[in-house]
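J.: Here it is, the structure in full.
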Amino acid sequence: MRLLLAEDNRELAHWLEKALVQEGFAVDCVSDGRAADHLLQGENYAVAILDIGMPGFDGLEVVQRLRKRGQTLPVLFLTARSNVADRVKGLNAGADDYLPKPFELEELDARLRALLRRSEGRTQERQRLGELEYDDEGFFLLRDEPLSLTPRELSLLKVLMHRRTRPVSRQQLFDQVFSLNDDVSPESIDLYIHRLRKKLTGSGVRITTLRGLGYVLECGDEVG
(Lines give C-alpha, C1' and ligand atoms only; values in the text may rest on other atoms or scores of the structure.)
Protein backbone atom coordinates (compact mmCIF):
# COMPACT_ATOMS: atom_id res chain seq x y z
CA MET A 1 0.00 0.00 0.00
CA ARG A 2 1.11 3.53 -0.72
CA LEU A 3 1.71 6.09 2.00
CA LEU A 4 2.99 9.63 2.35
CA LEU A 5 5.79 10.32 4.83
CA ALA A 6 6.40 13.99 5.67
CA GLU A 7 9.42 14.35 7.97
CA ASP A 8 12.03 17.11 7.95
CA ASN A 9 14.69 15.13 9.83
CA ARG A 10 16.42 13.61 6.81
CA GLU A 11 18.21 10.88 8.75
CA LEU A 12 14.99 9.75 10.43
CA ALA A 13 13.07 10.05 7.14
CA HIS A 14 15.61 7.89 5.31
CA TRP A 15 15.49 5.24 8.05
CA LEU A 16 11.70 5.22 8.15
CA GLU A 17 11.35 5.08 4.37
CA LYS A 18 13.70 2.11 4.14
CA ALA A 19 11.94 0.26 6.97
CA LEU A 20 8.46 0.90 5.57
CA VAL A 21 9.45 -0.30 2.09
CA GLN A 22 10.68 -3.52 3.70
CA GLU A 23 7.22 -3.86 5.27
CA GLY A 24 5.65 -3.75 1.81
CA PHE A 25 4.66 -0.09 1.60
CA ALA A 26 5.33 2.21 -1.33
CA VAL A 27 6.54 5.47 0.21
CA ASP A 28 6.53 9.04 -1.09
CA CYS A 29 8.78 11.06 1.20
CA VAL A 30 8.86 14.87 1.55
CA SER A 31 10.51 17.19 4.07
CA ASP A 32 8.09 20.13 4.32
CA GLY A 33 4.38 20.71 4.79
CA ARG A 34 3.72 22.55 1.55
CA ALA A 35 5.04 19.63 -0.48
CA ALA A 36 2.94 17.24 1.62
CA ASP A 37 -0.18 19.33 1.07
CA HIS A 38 0.47 19.42 -2.68
CA LEU A 39 0.83 15.64 -2.93
CA LEU A 40 -2.23 15.01 -0.77
CA GLN A 41 -4.30 17.05 -3.21
CA GLY A 42 -3.25 15.05 -6.27
CA GLU A 43 -2.14 11.57 -5.21
CA ASN A 44 -3.96 8.56 -3.79
CA TYR A 45 -2.62 7.35 -0.43
CA ALA A 46 -3.79 4.73 2.04
CA VAL A 47 -2.35 6.65 5.01
CA ALA A 48 -0.25 9.75 5.76
CA ILE A 49 2.50 10.01 8.39
CA LEU A 50 3.14 13.65 9.28
CA ASP A 51 5.73 15.26 11.48
CA ILE A 52 4.18 18.21 13.34
CA GLY A 53 7.22 20.50 13.38
CA MET A 54 7.86 20.92 9.64
CA PRO A 55 8.82 24.02 7.63
CA GLY A 56 6.25 25.54 5.30
CA PHE A 57 2.96 24.25 6.69
CA ASP A 58 3.36 22.42 9.98
CA GLY A 59 1.67 19.07 10.42
CA LEU A 60 -1.35 20.62 12.13
CA GLU A 61 -2.03 22.90 9.17
CA VAL A 62 -1.53 20.08 6.68
CA VAL A 63 -4.14 17.89 8.36
CA GLN A 64 -6.54 20.82 8.81
CA ARG A 65 -6.34 21.61 5.10
CA LEU A 66 -6.80 17.92 4.33
CA ARG A 67 -9.99 17.67 6.38
CA LYS A 68 -11.38 20.92 4.95
CA ARG A 69 -11.13 19.32 1.50
CA GLY A 70 -13.23 16.43 2.79
CA GLN A 71 -10.42 13.87 2.55
CA THR A 72 -10.76 11.06 5.06
CA LEU A 73 -7.52 9.10 4.73
CA PRO A 74 -5.97 8.13 8.09
CA VAL A 75 -3.28 10.45 9.47
CA LEU A 76 -0.63 9.52 12.03
CA PHE A 77 1.34 12.33 13.68
CA LEU A 78 5.00 11.87 14.59
CA THR A 79 6.34 14.49 16.99
CA ALA A 80 8.74 15.21 19.80
CA ARG A 81 5.90 16.99 21.61
CA SER A 82 4.65 14.45 24.10
CA ASN A 83 2.50 16.29 26.63
CA VAL A 84 -1.24 15.72 26.83
CA ALA A 85 -2.19 19.21 25.58
CA ASP A 86 -0.18 18.73 22.37
CA ARG A 87 -1.69 15.29 21.77
CA VAL A 88 -5.21 16.67 22.24
CA LYS A 89 -4.44 19.56 19.89
CA GLY A 90 -3.20 17.17 17.19
CA LEU A 91 -6.18 14.86 17.48
CA ASN A 92 -8.62 17.78 17.48
CA ALA A 93 -6.99 19.09 14.30
CA GLY A 94 -8.04 15.90 12.54
CA ALA A 95 -5.30 13.34 13.10
CA ASP A 96 -6.27 9.73 13.82
CA ASP A 97 -3.30 8.75 15.96
CA TYR A 98 -0.25 10.29 17.62
CA LEU A 99 3.18 8.69 18.16
CA PRO A 100 5.77 10.58 20.25
CA LYS A 101 9.45 10.41 19.31
CA PRO A 102 11.51 8.40 19.95
CA PHE A 103 9.53 5.28 19.07
CA GLU A 104 10.09 1.66 18.09
CA LEU A 105 9.45 0.62 14.49
CA GLU A 106 7.27 -2.25 15.71
CA GLU A 107 4.90 0.21 17.38
CA LEU A 108 4.70 2.39 14.28
CA ASP A 109 3.94 -0.67 12.14
CA ALA A 110 1.24 -1.85 14.55
CA ARG A 111 -0.38 1.59 14.63
CA LEU A 112 -0.36 1.84 10.84
CA ARG A 113 -2.02 -1.56 10.48
CA ALA A 114 -4.65 -0.58 13.05
CA LEU A 115 -5.39 2.65 11.15
CA LEU A 116 -5.72 0.75 7.88
CA ARG A 117 -8.06 -1.80 9.46
CA ARG A 118 -10.33 0.92 10.79
CA SER A 119 -10.35 2.84 7.51
CA GLU A 120 -11.35 -0.33 5.64
CA GLY A 121 -14.03 -1.29 8.16
CA ARG A 122 -12.16 -4.39 9.31
CA THR A 123 -12.12 -5.40 12.98
CA GLN A 124 -9.12 -7.71 12.75
CA GLU A 125 -5.98 -8.11 10.68
CA ARG A 126 -6.17 -11.87 10.05
CA GLN A 127 -7.73 -12.69 6.68
CA ARG A 128 -8.05 -16.02 4.89
CA LEU A 129 -8.77 -17.08 1.34
CA GLY A 130 -8.58 -20.83 0.87
CA GLU A 131 -5.08 -21.92 1.89
CA LEU A 132 -3.75 -18.35 1.82
CA GLU A 133 -3.79 -16.36 5.06
CA TYR A 134 -2.67 -12.84 5.94
CA ASP A 135 -1.60 -13.01 9.58
CA ASP A 136 -1.51 -10.59 12.50
CA GLU A 137 2.18 -9.80 11.96
CA GLY A 138 1.75 -8.58 8.38
CA PHE A 139 2.96 -11.74 6.64
CA PHE A 140 1.30 -14.20 4.29
CA LEU A 141 1.00 -17.88 5.11
CA LEU A 142 0.30 -20.56 2.51
CA ARG A 143 -0.79 -23.93 3.92
CA ASP A 144 0.28 -22.53 7.34
CA GLU A 145 3.84 -21.93 6.11
CA PRO A 146 5.36 -18.46 5.53
CA LEU A 147 5.15 -17.41 1.89
CA SER A 148 8.46 -15.99 0.68
CA LEU A 149 7.77 -12.63 -0.96
CA THR A 150 9.83 -9.61 -1.95
CA PRO A 151 8.64 -6.28 -0.47
CA ARG A 152 7.02 -5.36 -3.79
CA GLU A 153 5.27 -8.74 -4.09
CA LEU A 154 4.10 -8.39 -0.49
CA SER A 155 2.62 -4.96 -1.21
CA LEU A 156 0.87 -6.17 -4.35
CA LEU A 157 -0.60 -9.26 -2.68
CA LYS A 158 -1.81 -7.14 0.25
CA VAL A 159 -3.82 -4.95 -2.12
CA LEU A 160 -5.32 -7.96 -3.88
CA MET A 161 -6.14 -9.63 -0.55
CA HIS A 162 -7.81 -6.52 0.86
CA ARG A 163 -9.84 -6.08 -2.35
CA ARG A 164 -10.39 -9.79 -2.94
CA THR A 165 -14.11 -9.52 -3.69
CA ARG A 166 -13.51 -6.85 -6.34
CA PRO A 167 -11.32 -6.56 -9.44
CA VAL A 168 -8.36 -4.21 -9.15
CA SER A 169 -7.12 -2.46 -12.28
CA ARG A 170 -3.48 -2.41 -13.30
CA GLN A 171 -3.38 1.35 -12.72
CA GLN A 172 -4.88 1.01 -9.24
CA LEU A 173 -2.28 -1.60 -8.34
CA PHE A 174 0.48 0.57 -9.76
CA ASP A 175 -0.68 3.58 -7.75
CA GLN A 176 -0.63 1.56 -4.52
CA VAL A 177 2.58 -0.40 -5.06
CA PHE A 178 4.98 2.18 -6.52
CA SER A 179 6.06 5.58 -5.25
CA LEU A 180 6.65 8.70 -7.32
CA ASN A 181 10.41 8.03 -7.25
CA ASP A 182 10.11 4.60 -8.88
CA ASP A 183 11.16 4.78 -12.53
CA VAL A 184 8.77 2.11 -13.82
CA SER A 185 5.64 1.93 -15.94
CA PRO A 186 2.23 0.41 -15.05
CA GLU A 187 3.09 -2.53 -17.34
CA SER A 188 5.63 -3.67 -14.71
CA ILE A 189 2.65 -4.88 -12.64
CA ASP A 190 2.30 -7.76 -15.09
CA LEU A 191 5.76 -9.07 -14.11
CA TYR A 192 4.89 -9.10 -10.42
CA ILE A 193 1.54 -10.76 -11.11
CA HIS A 194 3.41 -13.46 -13.04
CA ARG A 195 5.77 -14.04 -10.11
CA LEU A 196 2.92 -14.22 -7.60
CA ARG A 197 1.03 -16.69 -9.77
CA LYS A 198 4.05 -19.00 -9.75
CA LYS A 199 4.29 -18.81 -5.96
CA LEU A 200 0.57 -19.62 -5.58
CA THR A 201 0.67 -22.56 -8.02
CA GLY A 202 -1.06 -25.66 -6.68
CA SER A 203 -2.65 -23.89 -3.72
CA GLY A 204 -6.14 -23.43 -5.16
CA VAL A 205 -5.70 -19.66 -4.82
CA ARG A 206 -5.09 -17.83 -8.06
CA ILE A 207 -4.93 -14.38 -9.59
CA THR A 208 -7.39 -14.14 -12.47
CA THR A 209 -7.29 -11.53 -15.22
CA LEU A 210 -10.68 -10.01 -16.01
CA ARG A 211 -10.41 -8.35 -19.40
CA GLY A 212 -11.08 -4.63 -19.18
CA LEU A 213 -11.36 -4.73 -15.37
CA GLY A 214 -8.01 -5.88 -14.01
CA TYR A 215 -7.03 -8.64 -11.60
CA VAL A 216 -8.89 -10.47 -8.87
CA LEU A 217 -7.64 -12.87 -6.20
CA GLU A 218 -9.93 -15.89 -6.04
CA CYS A 219 -10.18 -19.42 -4.70
CA GLY A 220 -11.93 -22.35 -6.40
CA ASP A 221 -15.09 -21.31 -8.24
CA GLU A 222 -15.75 -18.35 -5.94
CA VAL A 223 -14.28 -14.90 -6.59
CA GLY A 224 -13.08 -13.38 -3.28
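The values are calculated or read from the model by the stated rules, or taken from the named source; none is laboratory data. Computed from a predicted model, the values in this text were never measured in an experiment. Note that each Cβ is placed from the backbone with ideal geometry, even for glycine, and that neighbours are counted across all protein chains shown. Just so you know, the surface numbers come from the protein's heavy atoms only, side chains and all, with ligands and any DNA or RNA stripped out. Shrake-Rupley method; radii C 1.70, N 1.55, O 1.52, S 1.80 Å.
J.: Between the range 46-77 and the range 155-224, what's the alpha-carbon centroid distance in Å?
T.: 30 Å
J.: Projecting each Cα onto the charge dipole of the range 110-197 (Lys/Arg +1, Asp/Glu -1 at the beta carbon, about the Cα centre), which of Leu154, Val184, Leu116 comes out farthest on the positive side?
T.: Ranked along the dipole, the leading option is Leu116.
J.: Which value, in Å², gives the accessible area per residue of the chain when a 1.4 Å probe is used on the protein heavy atoms?
T.: Dividing the accessible area of the chain by its residue count gives 50 Å².
J.: Treating cross-link reach as a plain straight distance, find the lysines whose alpha-carbon is under 24 Å from the alpha-carbon of Lys68, omitting any fewer than eight places away in the same chain.
T.: Lys89
J.: To continue, here is another question. Hey, could you get me the Stokes-Einstein D for the chain, Kirkwood radius over alpha-carbon pairs, 37 °C and 0.692 mPa s, rounded to whole µm² s⁻¹?
T.: This corresponds to a translational diffusion coefficient of 179 µm²/s.
J.: Roughly to the nearest percent, how much of the accessible area of the range 1-147 is carbon and sulfur, given a 1.4 Å probe?
T.: After summing per-atom areas, the C and S share lands at 47 percent.
J.: Now for a different question. Straight-line reach from Lys199: which lysines have Cα under 16 Å away, leaving out those fewer than 8 places along the same chain?
T.: Within reach: Lys158.
J.: Let me know the charge dipole size of the chain about its Cα centre in debye, to the nearest 20, where only the beta-carbon of Lys, Arg (+1) and Asp, Glu (-1) is charged.
T.: With only Lys, Arg, Asp and Glu charged at Cβ, the dipole is about 700 debye.
J.: Right, something else. Per DSSP helix of 4 or more residues, -39500 (n - 2.57); summed, then divided by the residues of the chain. What does that give at 222 nm, rounded to the nearest 500?
T.: That calculation yields -12500 deg cm²/dmol at 222 nm.
J.: Here's something else I'd like to know. Sort the following peptides by mean Cβ neighbour count (other Cβ atoms within 10 Å, averaged over residues), highest first: 148-158, 186-196.
T.: Put in order of decreasing packing, that is 148-158, 186-196.
J.: Quick one: what do you get for the range 1-101 if you divide its Cα Rg by 2.2 N^0.38 Å?
T.: 0.97
J.: With each pseudo-label sitting 7 Å past Cα toward Cβ, what's the Leu141-His38 distance in nm, one decimal?
T.: 4.6 nm
J.: Which values, in whole Å and largest first, are the semi-axes of the equivalent ellipsoid of the range 103-209 obtained as the square root of 5 times each eigenvalue of the Cα gyration tensor?
T.: After scaling each eigenvalue by five and taking roots: 21, 19, 14 Å.
J.: Going Cα to Cα from Lys198, which aspartates and glutamates come in below 14 Å? Please leave out same-chain ones fewer than 8 positions away.
T.: Filter leaves Glu153, Asp190.
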